[in-house]
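Encoded as structure tokens, the structure appears first; notes follow it.
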Amino acid sequence: MLVLEKNARVGEKIAISGGGRCNFTNVSTTPDCFLSENPDFCRSALARFTPQDFIARVESHGITYHEKTLGQLFCDGSSRQIIEMLRSDCAEAGVELWLPCEIADVARRATFRVLTDRGVVVASSLVLATGGLSIPKLGASDFAYRAARRFGLKIVPPRPALVPLTLPAERLAKLRDLAGVSFPAIVRCNGAEFRESALFTHRGMSGPAILQISSYWRPNDVLSIDVLPGRRAVDVLAARRASSAELTTVLAQHLPRRMAQAWCGLEASSRPVNEHSDRELAAVAARLHDWRLEPSGTEGFAKAEVTAGGTGTTELSSRTMEARKVPGLFVIGEAVDVTGWLGGYNFQWAWSSGWVAGEAV
Ligand SMILES: Cc1cc2nc3c(=O)[nH]c(=O)nc-3n(C[C@H](O)[C@H](O)[C@H](O)COP(=O)(O)OP(=O)(O)OC[C@H]3O[C@@H](n4cnc5c(N)ncnc54)[C@H](O)[C@@H]3O)c2cc1C
């Protein structure tokens, strides 16, 4: 078994993941936490190599870890421990590593002929594990798509996912002072919703709730943001119905002050609460739970944590990841049209799909 990697080191994304502590899996992993044209495709691999299977490996290597939030497991120490674990498992299995070694092209006659900057490698099976287009400076390339196309496999168009969203200039002008302000939210789009924190940035919005929803967002879609999650805005306002305090002041008890000001500037009037009609307050309450924002775009592959889309699942066996039309060719990880939520799901998909392919090669 031979691994070809164009970077001088393996696992560069693992190294920087989870703020250097690698969120290596999520104990709540279910197929519902993944996007794909075929939402059932990931079921088999996830069932055959589960988060518990990966955790068992982590424990057997003496790596300690903790659950941060929402089932997300992180190393107590460093992401490098996961890389070392994978390297040592490879060494034990007799896997050879060529670093750095860039693959330029691949062809197939009786065997696969992989053209690299170190010459041609001949192999009876080939596993494409070259990831998506996210973060080109870490080695991302379109090789998986080029190779899949060369073998006639359908590609679901790649798009940035888990990515900050940008806002149109005129909207941004009114929110720009909020850059760095975060708030708890429920963000909804295209039938998906996430309750986590959201963050204003210099270009638009980010934070876990926005990154999550970005995977579901398509150009021209409008986000619905509940800025008072878990509270009834009507009750919040009713409790201060007779107050002569400005609406901004009342909202600032529940939202960051600068955000309350900006939000009122955009969506309401900051007159004293007792000068609003019941109808006006009902409209304000409704808007607090359904603040509409139309992003102008995303910050693109340079800032996207993952790439959605990729090799079409109809082309692959869900049990082995082998291409139906090309015996011996396997596609795994982010190169496949399976994209996880934020929170350790994408690594779990890489481990699960890699494991089932490894069993079949
Ligand atoms: C900043 C950041 C943080 C992340 N944090 C997390 C996290 O905490 N938890 C989580 O679950 N997911 C996280 N992810 C997502 C996760 O890293 C990826 O989903 C996962 O690494 C995909 O694994 P992969 O093996 O399919 O692809 P990759 O990890 O991208 O590996 C592909 C490899 O192929 C190599 N390659 C590409 N083209 C060629 C070529 N032509 N020749 C030779 N080699 C080539 C690349 O150099 C790269 O090393 C994060 C991503 C980023 C960008």
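Over the chain, the alpha carbon radius of gyration divided by the compact-protein estimate 2.2 N^0.38 Å works out to 1.15. Here H254 and S197 are evaluated by their C-beta separation; at R0 = 25 Å the FRET efficiency comes out at 0.95. Taking a Cβ cut-off of under 11 Å around L4, the surrounding Lys, Arg, Asp and Glu residues balance to a net charge of -2, with basic ones at +1 and acidic ones at -1.
Which of K154/K303; K137/K325; K6/K154; K68/K325; K13/K68 have a Cα-Cα distance over 31 Å?
Over 31 Å Cα-Cα: K137/K325; K68/K325.
Each peptide in 187-195, 89-97 was scored by the mean count of other Cβ atoms within 10 Å over its residues; highest first, the order is 187-195, 89-97. Restricting the calculation to alpha carbons of region 277-361 gives Rg and Dmax of 20.8, 70 angstrom. Accessible surface of D32, taken over heavy atoms with a 1.4 Å probe and every protein chain present, rounds to 110 Å². Across the options T111, L165, I332, the greatest Cα extent toward the positive end of the charge dipole of the chain (unit charges at beta carbon of Lys, Arg, Asp, Glu) belongs to L165. The portion of the accessible surface of region 181-306 made up by carbon and sulfur, rounded to a whole percent, is 49 (1.4 Å probe; DNA, RNA and ligands excluded). P(r) tail, region 1-121: Cα-Cα pairs separated by more than 20 Å, 58% of all pairs. Calculated on the Cα set of region 184-226, radius of gyration then Dmax: 9.4, 28 Å. Building the convex hull from the alpha-carbon atoms of region 76-202 and averaging its projection over directions returns 13.1 nm².
The distance linking region 182-237 with region 1-53 is 25 Å (Cα centroid to Cα centroid, whole angstrom). In region 175-286, one over the average inverse separation of all distinct C-alpha pairs is 14.8 Å, which is the Kirkwood hydrodynamic radius. Placing +1 on the Cβ of each Lys and Arg and -1 on the Cβ of each Asp and Glu in region 153-216, which of H202, S215, V187 has its Cα farthest towards the positive end of the resulting dipole? So the residue we want is S215.
For the chain, the solvent-accessible area of protein heavy atoms averages 45 Å² per residue (probe radius 1.4 Å; ligands and nucleic acids excluded). Of the three principal axes defined by the Cα atoms of region 67-122, the extents in descending order read 49, 26, 20 Å.
The values are calculated or read from the model by the stated rules, or taken from the named source; none is laboratory data. Values in this document were obtained by computation on a predicted structure and should not be read as measured data. For neighbour counting, all protein chains shown are included, and Cβ atoms are generated from backbone atoms with ideal geometry for every residue, glycine included. In case anyone asks, the SASA skips ligands and DNA or RNA and just uses the protein heavy atoms, side chains included. Shrake-Rupley method; radii C 1.70, N 1.55, O 1.52, S 1.80 Å.
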